[in-house]
Structures are given as C-alpha cells and as structure tokens.
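Some notes on the structure that comes next.
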Amino acid sequence: MSENNAGNYNFNDIEKKWQSFWESNKTFKTPDTTDKPKYYILDMFPYPSGDGLHVGHPEGYTASDIVSRYKRMQGFNVLHPMGYDAFGLPAEQYAVQHGIHPAITTEKNISNIRKQIKSLGFSYDWDREINTTQPEYYRWTQWIFLKLYNSFYDAEQKKARPIEELEIPADLSDDDRTKFIENHRLAYESNTPVNWCPALGTVLANEEVIGGVSERGGHPVVRKPMRQWMLRITSYADRLIDGLEDLDWAYGIKKLQLDWIGKSIGAEVDFKVYNDPAKTVEVLDTTIEKTEHTIKVFTTRPDTLFGATYMVLAPEHPLVDEILDDQQRFPVEMYKHEASLKSDLDRTDLAKDKTGVDTGAFAINPVNGQKIPIWISDYVLISYGTGAIMAVPSHDSRDFEFAKQFNLPINAVVSPTDKWLEEQVQKKNFDQDYLTKNKLENITEDAAGIRQVYNNHPGIFNDAFCGLGTAINSDKFDGMATEDFKVAIIAELEKDKVGEKAVNYKLRDWLFSRQRYWGEPFPIIHHEDGKVEAIDEKDLPVLLPETENFKPSTTGESPLANVPEWLYFEKDGKKVRRETNTMPQWAGSCWYYLRYIDALNNQAPFDKAKENYWMPVDLYIGGAEHAVLHLLYARFWHKVLFDLGIVSTDEPFQKLVNQGMILGLSYKDPRGVLVANDLMEKKGDKFFHKETGEELVEFTAKMSKSLKNVVNPDDIIRDFGSDTMRLYEMFMGPLEANKPWNMNGLEGVHRFLQKAWRMIVNAETGKLNDAVVDAEDCAELLRLRHKTIKKLTHDIETFGFNTAISQLMIFTNEFGKAKQRSKAAMEDFVLMLAPLAPHIAEELWAILGHDDTLSYVPWPKYDEALTVDPEIEIVVQINGKVRDKFMMDAGSDDKIIEETAMATEKIKTQLEGKTIRKVIVIKNRLVNIVAN
RNA sequence: GCCAAAGUGGCGGAAUUGGCAGACGCGCGGGAUUCAAAAUCCCGUUUCCUCACGGAAGUGUGGGUUCGAUUCCCACCUUUGGCACCA
C-alpha cells in the first residue's frame, strides 16, 4: 500500500482486527436455549495431516460459513462447530519412523490446522471444538461401542433392542446360551478371512481395499483368517435403504449408497446332488433320492431354472470335498490350491478368460429332473449368496462365457425381444466357431428365421440375452412374461419345498477392528477360559497406554500387545487380558456431530434435551469421497442409537451438499506417463519436460504430493487476504462441480473488493466517501438495489454463490459510477457482502457508523414491486430469427404488442411479399411472426 | 463392461416454466490519466463474410418434437467420478 493513500483497502490489518474481535467477544458462541428457531450446519471435520489444509478444504468450509452467517442474519440460532478426526495411520507411521508419540504429532498438526482455519475467518463456535483422540471424547465412542455390543437386532420389530431382552431358547446348555447371545450382538467377534495388509500391518475393511490393494498407500492385500470384531450393519440394510428416501441428498450419492448395499430379490433353490456310480441315466424322475447332499443357490432369475445346464461352486465351498468324484480329486485340489494363492486382484482384473474344473459330480435340476454337472470356478464368490450358483448360460453373460469356454450345453428359455435380435444380426455378432460346430453356416438372417434358430441354439451370437422376455422351453410356463414367471415359479418351488423367495445384499458386516496403536481401545477383556467380557460403562474410558514402541507386535496383534502392564490385570481374583485391537478411524466420525451439541459434558455423551433441540443436522457439507464409507457408517450408528432411545431422529443428516473436488493442473508425456509439476517448463503456451525436452500435455488431476500440484491456501491469504480467497473459491464455479485450480480469476475478485471499498470509503482519508449521502437514490439505482437483494437471497439459499458474487459486482459497477449513492443502499450492500467476505464487510459497517458487529443485523429485505422494470424490451422474430427490438411498458396487452411489432419499418420490409401464417406473442418477452 | 454427473467464446463460467446464447470475471486490443510506470477509468472483444450498413453460422455429434430447443425426446462420441465376475 502506498503511504499517501492511508485509507486504502488494507486487508491484512482489517482481517487481523476482526478475527481478534470475533474471538475476544465470542461473537459466534451459540446458546443452547433461545426462542429463535435452530439451524445446525455441519462441516466434515478434517484429519489433521502434517501438510495442513490444501485449497480443497476451504471450499466446503467457506460455503457452510456463508450459509451460517446468512442464517444468523435471518434470525436463526445457528450451530456451526469444528473439530478434528485425529486418530489414524499417518501419525502412527510417523511415530514408527521417528519415535515421536502420535499424540505429540497430532497436537502439533492440530494447532497448525486450527491456525489455518481461523485465518479464513470462519464463524465457528470454538468453545465446542472436539478432538476424537482425547479421552474425554473417545470415552463416549467406547460407550457407544458398548451399546452396540449390548444390543441385538429384532428382525420382527425391525429395530435394535437391549441384549437382556433377547429371547433365548429354554433348553440350551450354558455354552450354547453364550454362543446364542454372541450370535445376536450388534458387535461380535468373527474368525472369517479378512483383508490383511502386510505392509500396513493391519486388516482393512472391504471398503478400504480398492482393486486388491489398500486404499491408502496402494499396498497388496491378502485374504487371511483372523479373529476380528465385526458390526452387524447388514441387519440394517433395509433400514439404510428406506431411510434415504426422505433425505435431501443429491440423487447420485443416494444411488452410490444403494449400489453399495446392493439389495437383490430372487429365490433360493435347492439342488440335490446325484451320486450315480454307473453314470448312465440322463433324465431322472425328480423324486429319486440318491444323495445325502443338497446345494443351495441364490438366483435373481428363478424364471430361467429350466435353462440351468450346470452348476458352479466357489472353490472354497465346503461341499466341494464331500461331493467330488474320486477321479477328479487331483485336478480339483490343484485348482483349489491355485485359487487360494490368487489375490483378489488376480481373481478379478486379470481373469479375462474363465477358469474352472469339473468335480465329476452331478446335481438334479429340481424343475425338470435333468442331470447337470457340477463345476468349481473362482468366478463364483464364496462371500456372496450361498457361494454356489445354478448356471444359465443362455441368459447370463458370465455363465455364457464359461459354457463356451468348456463346451457346456446352452439352452434357451427366454425368447429375446425383436430389438435385441435385430441388433445382433445388424452387428453381425455371430459366433462363427459355434455355427461351424453346429452346422449352422447357412443360417438365415431374417428376423423370424433367426428367432427360430436362436430358440434352439442360443449360442449363435457372441453375447447372451440377459433381458426380460417371454418364456420358452419351460414346460407349462411357456409364453409367460419374465416378471410373472418369477412369481409363479417361486410359488411352485415353495409348494414343493425345494426353494423360497430370498433377498441378498452386497453389503457385508463391517470389519471394525484394526491392529494399530493410534485408535480407540475396545472396552473388552478376555478371560483365560476364553470368555469375553465388556468393561462396565462407569469404568470408561479405557485409556491408551503410554509406550515407545509403536511397531506391530510379533504375534500380528497391535502394538498394545507389547505393553504388558496395560495388557494384563486382575479382576475378581482372576488374571484377565485386554482386547488389543483398536477401532478404525471411522469410529470417531460416526457420532462427532452429536458431541458438538454438548462438547464439554462429562456425565453423558450429550444432554438429551439439547440433542432434542439441535438434531437433525440441517445442512451437512463435505466431499463426495465420503459418499459410502463415512455416511453409511454414521447413519448405521445413528439408527442404533435411535432404536435405543438415545437420539431423537432416525436419520442424522437432513440435507447433504457435496462440494466438488478442486483439481490441480498436471502434465503427461506422449506415452501418458505423469510428470511432476516441478519437472515441467512452460515455453509460450506449450509445456516441455525439463530433462527430456519432450512436449507435455496439460490436464487436470487430483491434487497429490507426488505430482507436486498441491496448492496451499496460506500463500494466497498472505498475498490477497482471506476475503479474496473465500470469494475466489466461490466464484470459480458451482459448488458441486469439480474444477481445476488456476489463478486466473483471483485478480478479478480482489479488484471487486477494492472497488467495493472505494465505493464507500474515501481512499485518502479512510473516512466515509463524500458520495455516500443521506438521500434517495434514483429509480434505476433503487431498482438495482432491490433486484440485488432478491437475487442474493435466492442464490445463497440455493448455493449459487458464483452468481451471487457476480450480482454484487454489477451492483458495485453501477453504484460506483453514480455521483451520489444513498447510505441505506450502501448498508444493504455491506450486509449482503458480509456472509461472503466478512472481514471487509465488518470494517465497512464500522465506517458507515455502526459500533457493533453486523453478524446479527437482520438480512436486507426487498420490495417485489421495486424489482420490476417499468419498460421492457420486446424482441420481434420472423420465423424464429430476431429481426427487431423495441421498448414497451411492462405488462402491455398482447394485442398492442403485436400491433406495435407489425408496425415497425424493419418488420414491414421483411414481411413484404410474404403471407403471415401465425403470430405468437409472449408477454413481456417477444413476438414471433411465422410467414413465408 | 455397468452406474452417475457433465460437455457453451482464447479461459472460469451465466442463462426462472422451452422465448434475445455468451451475464459476471479473467485474458486480449484500443483509448484516457501519468514525465514514465503501477493503479484507476472508458470503449471493444463467439466465429465467418462485408470498408461499412448488414448478413450467415453457432451451446460435443447426428436425428426428432415445436412457431421457437443450451433447455424436452432418441441414438452416438468424449471427459470426470464410482463400481467391477454380487448370480
């Protein structure tokens, strides 16, 4: 700033001044009792990483802050808190490498990130700040775990109930009784195979494994059976689906959750295994029983049962060893061994060609008595459904591929739609090998003919028909539509007791334990006789022990197993051992929004009356990357707490808005290899590799350390101020859209703030600008003022911050030009600017002569009548093309508009020699003359 | 492969229910101010044809509905994000 302009916009001083004003006056402290209506605005709290915030974080925080400040001015009691999701792997890995306790690293990172957040001037109530790693907080995370542990899901009432209310069959032994109870708890121990990540030294939830490698770090993951804690989220699958309906969330996010839960409705069908040493009979009476085994399959297409020509079991299926034919024992064992060595990655991505082995055993198709072979293949997953399928190669693409690979029979039972058949013919999608093999080379290609051939040879194409159609080759069901057939066959199966309606979910129970130090310890102890016991609520928290060794223990347990004085203690005269697993990072974030309501309570997680007042969260803003994990887990916990009467709402987050990602500019070479930004050299408007000299292509990519395209907000705040930073992030585009970060528009919003400053302040004196007077504005300016209030009100309500800012720019451009401007208009302007750029607004408010903060001054009101233009430009079109324009009083009669339009010289000339066919008049907009 | 979102000037983006495409900002060009510069202010800026007046084309591509389509319908292409043998 130059010295002779003492009154210039000095953002540094202004921002410091007002941040300390807000802090020392506790301007944003939120009372829990007031007669104002409440509004709860929540941000997804950050993980305090060592790198601090990047420019993506403040985007969501700015948006929520704008709404918070706006709602306060609208007279709401606004709860707007902030905290830190501070347990997690990075601090622990840092501890392993540098020997510094995670608590120390975490505290250091938090104070850095807190400073960054405060420097943006967000209106949080800092007295409610929380940190998931503090015992005062995780005490209650453990408390909620005990609630889960001590509850079961009542399938009839469709809700969780205390475990004491579980009805236990009377005739059980003590052991079976315990087992029965364990099998119903919402938190339970399990020994099933889990995703073990050797590099991280811990297990991971399914959701944390992407394509066979860990989501964090990309390390290989293997399947390994281990004792783990699970949460019975699958019990809530239907509730989690149903609850979505009334939520004000983007459709895409709801869809992601629906897909993740993956509900499918179909039938379970029993296939009897047929052991026939003679191997002679091809078709059997269905009543024949030459078997002790039954294979249960799940299918969504019971209508295709007549087309089941073989079965497939997952290699891990327990019946494989029981049923297999001795002659096939060797290849089957080989295959099982190979499959067990394959990682998930190999089993999915790389397995383009299907593999499998015949067990030599047969099953009987329950609907037609046909004897069908049983194979094993890793395209059938042990973890979904029953781990076994009936294969209908004609109408399932996976079975189709497998059948072609191994020459298994393919029988059509659904006659395809005309459209599909035509498409196949048109694409010439014929399988030539199949045609040759079946002597069908001279196949006719007309539609009716092809259907005939298809119905007997569904293998003629390269694809299976998987859609809905009409039943064929299905005995008495022939001619039925797929949907009706499904209903009819399920009834039939149920009548014959060989199957029933069934529902399956992709969602699995939530693997809830990790072998780490830096997480919440489980409030669980193990007795020497193997009995498990929960620690009493009143003895919480179970504190993390002090240690200097953060490496995983040699037993595969967490580092907690290395602290014997913590691990063992005596209870009722018996030596007991603590649970060494810790909870995953998601635990703390599953209920933090409830703790904000009563952050300092040391008697309960929160006060019930306060919870009742504040919940649900009215607006939740955060990144779409948490669409499934965090949001699904938190909803699950919330529903359990609701069932137990601990919270008052069934769903926690009423409205959800996902801000888009801010992407970094990145570069790749001609081979598509990514090049870090510090190796890029710009010459003119082209980009080159500094070392190889190759030309590079610019594109946008997620910000990441390795690409060196991370932008830190601190630099921008230093050079332009946080008001500019806030405004710029909002001006870049719609909140929900992904957008690349580039500094192009930064200058523009900064200039806008300077203009706004000069509109009100005399830049030489720093006092009120002489042009600001106590007088009425002219009609045009008055109209602009009311239009601006109207637009700002609408745009903030609908998160259109970019257009809100552009309207304020228009306001500044116009009022800045005027020789005189009313003080009242300036005050309205400042109040409207306040949510977006609060520091400069507070300063301008003071210069306009007010003593106190504007944070609670009522939002300006507009008069609808004053937003309407008295004269409106009418467009005249001929055949839809604009030919002329003229001014007209607003609300003029259609007749007069039409006459005026026809009378103008231009239109008269244009219409010469043409016949008018039709004239369309749209009030206040246009006249369209159709003529030729 | 499947699902979701999105394709508009040199760039970010704007356009109530179908009704003047390109608001606002960046950049660029010209001018004013200045000893000069920065800053500021004013004018212009979709493309093509034309000295100009004016005209033509134009919202990913191709069709369709309509007096009129960035907006609605069908097919396709591209980008981003998610899922990925879930029977």
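The values are calculated or read from the model by the stated rules, or taken from the named source; none is laboratory data. Small disclaimer: the values here were computed from a predicted structure and weren't measured. Glycine also receives a Cβ, built like all others from the backbone with ideal geometry; neighbour counts cover every protein chain displayed. Each accessible area value is taken on the protein alone, full model and side chains, heavy atoms only, with ligands, DNA and RNA left out. Shrake-Rupley method; radii C 1.70, N 1.55, O 1.52, S 1.80 Å.
Okay, here's what the table says:
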quantity: Flag for A:GLU520 being of a type in the set (D, E, K, R), modelled with pLDDT of 95 or more, within 33 Å of the chain's Cα centre (by Cα) and within 19 Å of A:ALA187 (Cα to Cα); calculated: yes
quantity: Single match in A:ILE525, A:ILE490 (criterion: of a type in the set (A, V, I, L, M) and assigned to a strand (DSSP E or B)); calculated: A:ILE525
quantity: Of all residues making up the range A:890-903, the number that are in contact with a helix residue (DSSP H, G or I) (Cβ under 9 Å, 6 or more places away or on another chain) and over 20 Å from A:ALA931 (Cβ atoms); calculated: 1
quantity: Check on A:ASN612, open to solvent by 10 Å² or more (accessible area, probe 1.4 Å), more than 16 Å from RNA strand B (Cβ to nearest atom) and outside any helix (DSSP H, G or I); calculated: no
quantity: Neighbours by Cβ (under 9 Å, 6+ apart or cross-chain): first from the range A:515-542, on the phi > 0 side of the Ramachandran plot; second among the β-branched types (Val, Ile, Thr) and surrounded by fewer than 19 Cβ atoms within 10 Å (Cβ to Cβ); calculated: none
quantity: Total residues in the range A:383-397, condition surrounded by fewer than 18 Cβ atoms within 10 Å (Cβ to Cβ) and either without any contact (Cβ under 8 Å) to a residue 40 or more places away in the chain or within 20 Å of A:HIS317 (Cβ to Cβ) (or both); calculated: 2
quantity: Residue match in the range A:479-500 (condition: over 30 Å from A:GLY387 (Cα atoms) and at pLDDT below 95); calculated: yes
quantity: Matching entry among A:THR909, A:THR900 (being modelled with pLDDT of 85 or more, in a helix (DSSP H, G or I) and not aliphatic (A, V, I, L, M)); calculated: A:THR900
quantity: Residue match in the range A:825-839 (condition: open to solvent by 30 Å² or more (accessible area, probe 1.4 Å), out of contact with any Gly (no Cβ under 8 Å at 6 or more places or on another chain), in a helix (DSSP H, G or I) and farther than 15 Å from A:TYR9 by Cβ); calculated: yes
quantity: Residues satisfying the stated conditions in the range A:698-725, i.e. in a helix (DSSP H, G or I) and of a type outside the set (A, V, I, L, M, F, W, C); calculated: A:PRO713, A:ASP714, A:ASP715, A:ARG718, A:ASP719, A:SER722, A:ASP723, A:THR724
quantity: Residues being near RNA strand B (Cβ under 8 Å from one of its atoms) and among the polar types (S, T, N, Q) - total across the range A:378-396; calculated: 2
quantity: Unique residue being in a loop (DSSP other than H, G, I, E, B) and either within 13 Å of RNA strand B (Cβ to nearest atom) or surrounded by fewer than 16 Cβ atoms within 10 Å (Cβ to Cβ) (or both) when the list is A:GLY266, A:GLY218; calculated: A:GLY218
quantity: Scope the range A:401-443; condition in contact (Cβ under 8 Å) with a residue 40 or more places away in the chain and charged (D, E, K, R); matching residues; calculated: A:GLU401, A:LYS404
quantity: Condition met for A:LYS739 (of a type in the set (Lys, Arg), within 15 Å of RNA strand B (Cβ to nearest atom), open to solvent by 20 Å² or more (accessible area, probe 1.4 Å) and under 30 Å from A:PHE799 (Cα atoms)); calculated: no
quantity: Candidates A:PHE720, A:PHE699, A:PHE731, filtered to the one that is closer than 30 Å to A:TRP18 by Cβ and within 12 Å of RNA strand B (Cβ to nearest atom); calculated: A:PHE731
quantity: Subset of the range A:853-888 (residues that are away from RNA strand B (no atom under 15 Å from the Cβ) and either of a type in the set (Asp, Glu) or open to solvent by 80 Å² or more (accessible area, probe 1.4 Å) (or both)); calculated: A:TYR856, A:PRO858, A:LYS861, A:ASP863
quantity: Matching residues, the range A:698-714, being open to solvent by 80 Å² or more (accessible area, probe 1.4 Å), without any contact (Cβ under 8 Å) to a residue 40 or more places away in the chain and at negative phi; calculated: A:SER706
quantity: Any hit, the range A:560-573, residues being open to solvent by 20 Å² or more (accessible area, probe 1.4 Å) and under 30 Å from A:ILE490 (Cβ atoms); calculated: no
quantity: Identity of the residue in the range A:483-518, more than 14 Å from RNA strand B (Cβ to nearest atom) and of a type in the set (Ser, Thr, Tyr), that ends up nearest to A:LEU240 (Cα to Cα); calculated: A:SER513
